[in-house]
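Every number in this text was worked out from the coordinates using simple rules, so none of it is lab data. Since the structure is predicted, the reported quantities are computational estimates derived from the model, not experimental observations. All Cβ positions, even for glycine, are placed from backbone atoms using ideal geometry, and neighbour counts span all protein chains on display.
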Amino acid sequence: MLVKKKAYSLFLIFIINCLTSCKNTSTSPSFFSPTEQIVEEIPDFGNFINEMEALDLVFEEIDAQMLPDIIYAILTVCVEEETFEIQVEIIEDQKNGKRYHIKNEYIDIWVENEQLKILYQEDVPLIEPLPDEYLELYINYLEAKSATNDFLFVDLKRQMIFVFENYNGYYFLIQKFPCASGKNATPTKRGHFIIENKGPVFYNEAKFYKCYYWLKYSGQYLLHSVPYSLDGEILNTAIILNTAMQKKVSNGCIRTEIQNAQWLYENIDTQTTIWVY
């Protein structure tokens with residue numbers, strides 16, 4: 001699979017290469033030149049095909065480095081006095097980990113937290129970042145779609161937010177910010193969503209904090225600033241309100257530093273696609 005715009009880009013490269021190779025070739029041979037010096041230039045379309053095949057290989061190499069941040073757990077099930085343990089994926093939680101939406105090849109259900117044993121891996125080192133041009137190639141190769149001119153990609157394995165802008169059918173990377181996602185017990189929901197709504201601030205008076213510049217993308221899941229006290233001071237004491245970046249510290253939302261959250265709030269419209277991976 002190749003996107004039309006990338007094929008078009010490769011075609012342009014092919015044309016430029018042809019023009020460059022012909023710079024030193026006379027397009028109007030002199031009648032005084034020996035006829036054996038007049039050589040017909042035939043484009044090598046085989047090179048163009050080879051470039052497209054090479055692009056496929058590059059994509060496969062990049063794709064191998066794009067790893068989903070799947071949170072696994074062991075579900076305990078009792079059937080006729082026999083106990084079975086089944087590995088499942090946690091999709092989302094409710095009420096800070098009291099209930100979980102889980103699934104595997106055979107089930108897709110909600111269960112109470114007492115039935116699960118979450119496999120904790122919150123201190124796993126971040127994956128090496130990819131070059132910007134690799135990310136652009138990856139997103140465009142996948143034919144990213146958005147109802148607006150922008151596309152958001154959240155790489156949970158690298159704890160980064162990437163912003164792409166569509167220009168003439170090609171998505172260019174224009175911004176990238178570090179972020180902090182949900183703990184394994186309260187994981188960030190993965191998948192393709194759209195920005196449903198946004199606002200300048202929300203308050204959690206029960207826990208005495210607020211967050212600025214939120215973008216809602218799925219139910220209770222938001223992208224917003226790090227937490228602040230109700231009087232406006234940044235919080236960095238309680239573990240639940242840790243403001244560190246590029247760590248799993250939240251209750252499921254995606255956090256970023258306030259200046260980055262403000263940029264997203266001011267520049268990203270509702271209906272923009274966000275891919276959380």
Restraint check, K95/K248; K117/K216; K117/K210; K207/K247; K117/K198, Cα-Cα greater than 24 Å: K117/K216; K117/K210; K117/K198
Report the equivalent ellipsoid semi-axes for the stretch 72-118 in whole Å, largest first, defined as the square roots of five times the eigenvalues of the gyration tensor built from alpha carbon atoms. 18, 12, 9
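Express in nm, to one decimal, how much length is gained between E136 and W110 on full extension, taking 0.36 nm for each residue of separation and deducting their alpha carbon distance.
That works out to 5.7 nm of additional length.
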Modelled label-to-label distance, K103 and Y277, 7 Å Cα→beta-carbon offset: nm? 1.9
What distance in nm lies between label points placed 7 Å from Cα along the C-beta direction at E61 and V124? 2.4
Would you mind checking which residues have amide H under 5 Å from I234's amide H? H placed 1.01 Å from N; only 5 or more apart, or other chain. S229
From Cα pairs below 8 angstrom and at least 6 apart in sequence, can you work out the relative contact order of the stretch 148-277, rounded to a whole percent? 33
Label points 7 Å out from Cα along the Cβ direction at D231 and Q94: separation in nm? 3.8
